[in-house]
1. Is there any pair linking a residue in segment 47-66 that is surrounded by fewer than 18 Cβ atoms within 10 Å (Cβ to Cβ) to one that is of a type outside the set (Ser, Thr, Tyr) and in a strand (DSSP E or B), with Cβ under 6 Å and at least six apart or on different chains, and which?
2. Within segment 427-435, identify whether any single residue is under 25 Å from the mean Cα position of the chain (by Cα), within 27 Å of Met668 (Cα to Cα) and part of a helix (DSSP H, G or I), and answer yes or no.
3. Can you name the residue in segment 86-102 that is surrounded by fewer than 20 Cβ atoms within 10 Å (Cβ to Cβ) and within 17 Å of Lys41 (Cα to Cα) and is also farthest from the chain's Cα centre (by Cα) among such residues?
4. Could you list, in sequence order, all residues of segment 393-426 that are polar (S, T, N, Q) and assigned to a helix (DSSP H, G or I)?
5. Report, by residue number, each residue of segment 610-638 that is out of contact with any helix residue (DSSP H, G or I) (no Cβ under 7 Å at 6 or more places or on another chain) and charged (D, E, K, R).
6. Counting only residues that are in a loop (DSSP other than H, G, I, E, B) and among the acidic types (Asp, Glu), which one in segment 457-492 is surrounded by the fewest Cβ atoms within 10 Å (Cβ to Cβ)?
7. Within segment 64-176, considering only strands (runs of 3 or more DSSP E) that don't extend past its boundaries, which have at least 1 residues that are modelled with pLDDT of 85 or more, within 23 Å of Asp276 (Cα to Cα) and in contact with a strand residue (DSSP E or B) (Cβ under 8 Å, 6 or more places away or on another chain)?
8. Is it fair to say Leu454 is assigned to a helix (DSSP H, G or I), buried (at least 21 other Cβ atoms within 10 Å of the Cβ), aliphatic (A, V, I, L, M) and not assigned by TED's automatic domain parsing to the domain that holds Thr437?
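The values are calculated or read from the model by the stated rules, or taken from the named source; none is laboratory data. Being a predicted model, the structure only gives us computed values, none of them experimental. Note: ideal-geometry Cβ built from the backbone for every residue, glycine included; neighbour counts use all protein chains shown.
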Amino acid sequence: MAQSRQLAAIMFTDIVGYTALMGRDEEKAFELLNKNRQIQKPIIEQCNGKWIKELGDGVMASFQTVSDAVTAAIKIQQACNAAKAFQLRIGIHQGEIVMEDGDVFGDAVNIASRIQAIANPGSIFISEAVHNSISNKKEFQTKFFIEQKLKNVKEPVRIYQLIADGVTVAQQQMGQKIKPKRNVLLIALSILILLIATYFFKGGFSSLEDGRLQNAGENSTRSIAVLPFVNMSADSSQEYFSDGLSEELLNMLAKIPELKVIGRSSSFAFKGKNEDLRTIAQKLGVQHLLEGSVRKEGNKVRVMAQLIKATDGSEMWSGKYYRDLDNIFELQDEIAQKVVQQLKIKLLQSPPGNTSGTGNVNAYDLLLQGNYYFDKLDKENVAKAVDLYKQALAIDSTNARAWERLANAVSRQAWQNYIERHTGREQAKQAAQKAITLDKNLAPGYVELGDHYLYAEFNWKAAEDNYMKALQLNPENPQTLYSLGGGLYFAIGRWDDAIKQMKKCIELDPLTPLNHLNLGNILSYAGKPGEARIYFNKALEINPQFQRAHMYMGRDYLIAGKNELALKEMQQENFEVFRTFGLALAYHGSGQTKEAEATLKDFTDKFQHEWNYLMAELYAFRNEKDKAFQWLETAYQNNDGWLVFLKRDPLLKNLRTDQRYISFMKKMNLEADK
């Protein structure tokens, strides 16, 4: 029996009250089944879905994309509700499935079925994976409903409902749970009583102080996320200022060693999303949130900020500020100081810290604009950011932060081959050195310089020295942890240290897919492909189109001799470079010589000049050693940053006993793999 694995959206539907109807009127029940088929089958086919099977009065279907599954569910529910003959419950989940002889199995099937079972009549319930996939699509609207423990599912599942015309909207009261069966409820209550008793007997609560019972665990929880402040200005182009203020507050808090502060990427993932604050806090793993709004009116700015206790959504503190913009830096510093002071009094009972920056209003404004455009990461906007940073430095050449941001932006241009690689890297290095010269306490400057030594010069010692300086200045910065663990320790083969640093990075920045992708890759190199797939799948759960995740999973299947699964993964890779690369590997591994040669030629024609190291991997896997070594040497001469993946690269296994490989590893100042 042929088996295959793939990522799919699974939809379950179920007729409400069908069992009871079957007991009362069997003929009527069969009429409803036929009516159900007539409604659902054409819609599933129109939406590129596959009708898998009927399970009594239920229907199971699979879709290659979440959008198709959601569209089908809405059309089915609209048609069914309009017919008024019966009502359906519909549940959808996206995940890995196993297909065998036309049937589908796996956790994704189980979860979709459980979600459908708790859906309200006439409604459509979806998992968080589905919600994340469609949250940026204007044609779909979702609303968080509940976090629920589902049968045979290890972790609680966050469930949303689809909002659409003709689809019933279920009303959920705050804190309400889906009512379990009576015997389950009794067991749960017994466990709860036992846990509470244990908590009290073991001293979980401290003695009575000041007439109130204090939770000893609460004071030990020192974690916060700064959400992007909302731009309330009439001019939408002022959004860069509200984002900049949020980032300034986050950076100040992150310098406090005792406080866990979630990284910017994860905090800003909720920008523009109307999601419950307690839900956000749960996703980010924090006990406190800082949110606010900014309105600019002429030469005035009004800022409102709130500190929220995530466990119950209550407001711990709020402040309103209305100031002139004549000196924007002093204004920002004043607001940040007062906000941080309140936060630290509430959370840490320690004196406030300081922020730094330029006093020139125009340079500061250009810096914030540059940050705003850089975050878009595409070629055009990164170039725009570089220009804005240079404009800021033309006004104030002593602005260390502008030099650091320029180093980061130019480095990205060089890495992505947006500009000539060698020139860009040298410019980035000089900018990072200038930043540190101007401000010896600027941790991001040391990270930028460390990244240069790591990816451009393969100078492991210089990279580590700079990362350690950054770590001393800011030990809880996820970017530093990523560079140290996912960059340096990965490159030199310190697998345990790399895994440790990346797990800490994910704790501080849990919604950045690149963090999960990199940890998965480290685990693959460390000989733990099963654990690696968990993180590759997590990267895809956060962003179903995230590049390299499918390719890396396909590579691991290929190394394990699972050629069919490898090919399916490579076919799902979204990014053309890695899809073509992966297919060239998979076709060769499965013995499809014609396809392998054609795909290798396609990759070579399009990408050989920019992707030297990947060319070496391809030829090494094909056991064409001479060509593999030629491309390794080309990669070295071109300072191809992908050489940091050299040590124990599974695709280079055929080269390891060759003396040329041992010599090359020595040239890279790395111990040869065995």
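1. Listed pairs, sorted by first residue: Trp51/Ala61; Lys53/Met60.
2. Within segment 427-435 (the criterion being under 25 Å from the mean Cα position of the chain (by Cα), within 27 Å of Met668 (Cα to Cα) and part of a helix (DSSP H, G or I)), the answer is no, since none of the residues qualifies.
3. Among residues in segment 86-102 that are surrounded by fewer than 20 Cβ atoms within 10 Å (Cβ to Cβ) and within 17 Å of Lys41 (Cα to Cα), the one farthest from the chain's Cα centre (by Cα) is Gln87.
4. Listed by number, the residues that qualify are Asn408, Ser411, Gln413, Thr423.
5. Hits for segment 610-638 are Glu610, Glu624, Asp626, Glu633.
6. Glu457
7. Hits in segment 64-176: 88-100, 124-127, 141-148, 157-163.
8. For Leu454, the condition - assigned to a helix (DSSP H, G or I), buried (at least 21 other Cβ atoms within 10 Å of the Cβ), aliphatic (A, V, I, L, M) and not assigned by TED's automatic domain parsing to the domain that holds Thr437 - is not met.
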